[in-house]
1. Across the range 297-305, in residue order, what do the Karplus-derived ³J(HN,Hα) couplings come to in whole Hz, using 6.51 cos²θ - 1.76 cosθ + 1.60 with θ = phi - 60° and x for Gly and Pro?
2. Multiply the residue separation of Thr8 and Asn107 by 0.36 nm, subtract the distance between their alpha-carbon atoms, and state the gained length in nm to one decimal.
3. Give the relative contact order (percent, whole number) for the range 76-213; include only Cα pairs under 8 Å separated by 6+ residues.
4. Across the Cα atoms of the range 99-196, what radius of gyration and what greatest pairwise Cα-Cα distance (Dmax) are found, in Å?
5. In the range 199-326, what is the volume of the convex hull around the alpha carbon atoms, normalised per residue and reported in Å³?
6. Specify the angular offset, from 0 to 90 degrees and rounded to the nearest 10, of the alpha carbon long axis of helix 8-22 from the longest principal axis of the alpha carbons in the chain.
7. In Å, the Kirkwood hydrodynamic radius of the range 136-266 over pairs of distinct alpha carbons?
8. Give me the distance in nm between label points sitting 7 Å out from Cα along the Cα-to-Cβ direction at Lys340 and Asp94, one decimal.
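Just so you know, all these numbers are worked out from the coordinates, no wet-lab data involved. Quick caveat: nothing in here was measured; it's all calculated off a predicted structure. All Cβ positions, even for glycine, are placed from backbone atoms using ideal geometry, and neighbour counts span all protein chains on display.
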Amino acid sequence: MMSTNLTTLWEDKLLNRFLKYVSFHSTSEAGVDKTPSTERQWDIAKYIFNELQSIGLENVSIDENGYVMGYIPSTCSEDLPTVGFISHYDTSPDFSGENIKPQIWKNYNGKDLILNERTGFTLKVSEFPELKNHIGETIITTDGTTLLGADDKAGIAEIVTAAEYLIQHPKIKHGRVAIGFTPDEEVGKGADLFDVKKFGAKWAYTVDGGEVGELEFENFNAGAAVISITGKSVHPGSAKRKMINAGLLAVEFSNSMPSNETPATTEGYEGFYHLTKITGNVEKAQLEYIIRDHDFKKYEARKAFMKEVTKKLNSKYGEEIFKIELEDQYFNMREKIEDKMFIIDIAKTAMEMAGVKPNIKAIRGGTDGSKLSYMGLPCPNIFAGGVNFHGPYEFVPLESMIKATKVIIEITQNIY
Ligand SMILES: [Zn+2]
């Protein structure tokens, strides 16, 4: 097996493809009851659909929800499993994704980048020291007025360029490759209508991570809790032994939770309770929490603890004053990958072949891959190369995108 060497012709294709995708305004929107959540996402979906056909993929399709799929046929006589690559074409509603004017900084000199002469908007090395890892490279930034959309148009450009490369190099031996692009990942719905059966891959990788080398197959188990408190309002002048102040009880509930298990006091594999909202007056109060833990047993123990606190407080006040509702949101994909660690090993080897040091870490959040893993498609996440997602400081080095493209090509050859 020879390591892939992409010529400048392919580097140019990759860059131009990325710039083309970035020119589409494809911001998604939360709380919309249709898919894609915004009409404008159809423009890029249809563009990619046409592009996949024109570069020679097979069975290219776009469904009624905007999911685009296509296949690279096998070049082997052996019966190899189909491997998939997935990314999303929407951009985050957190910041404007309209009229993006990317700037290309060749041979980056390691200094601050003034992105906008008019506003003085600057990408500072002191604030973003990771810039130093990319001296001498070609950096693509915003002009400070929008996000860039490297999340995840870098992923799409890498997958499509790898696909075109494989189609034009039929001597490279690989099995069938499935590729899929989704809307609405940024509003948590990219996996929901993904047709796993039609996709037909045995497993897949989302190409949606950050810096070079990232490889992720663990994420939080996640749930939500709502605690409703019903008080008793009585005139404060004659309230002795009568008034039950729901607001004060909400504070008491919050004080019964471990103060060192919050997002602000935890990292790595440490789980937490996160009070996301508190509202109330004397009559009524409500606490909203999210619960997170990588370890499923600990996650269940956290839910049990919240029930226990509710019970204790109710027995203290002698009435059903506190009510708790618990809901599971998503689960750690590790459960679905643990017995198929070859999926991770293949990606690790591919990275080494591409000259990239694998950096395995646990996601302190969720991914579409975790949902897909529970839908029957084991799906870890690999890097796409972008940095500072969801805002005007977002940038991506072309060299990182080249490395991701190579890793995708190497993965297809490692399936034996
Ligand atoms: Zn993303």
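1. 4, 5, 4, 5, 5, 5, 5, 5, 4
2. Numbers: separation 99, 0.36 × 99 = 35.64 nm, distance 1.50 nm.
Extending this stretch completely gives an extra 34.1 nm.
3. Working: 209 pairs, mean separation 59.0, N = 138.
The normalised contact order for the range 76-213 reaches 43 percent.
4. Cα radius of gyration and Dmax of the range 99-196 are 18.0, 52 Å respectively.
5. On the way: hull volume 19.1 nm³, N = 128.
That works out to 149 Å³ per residue.
6. 40 degrees
7. Working: mean 1/r = 0.0472 Å⁻¹.
Roughly 21.2 Å, rounded to one decimal.
8. Roughly 2.9 nm, to one decimal.
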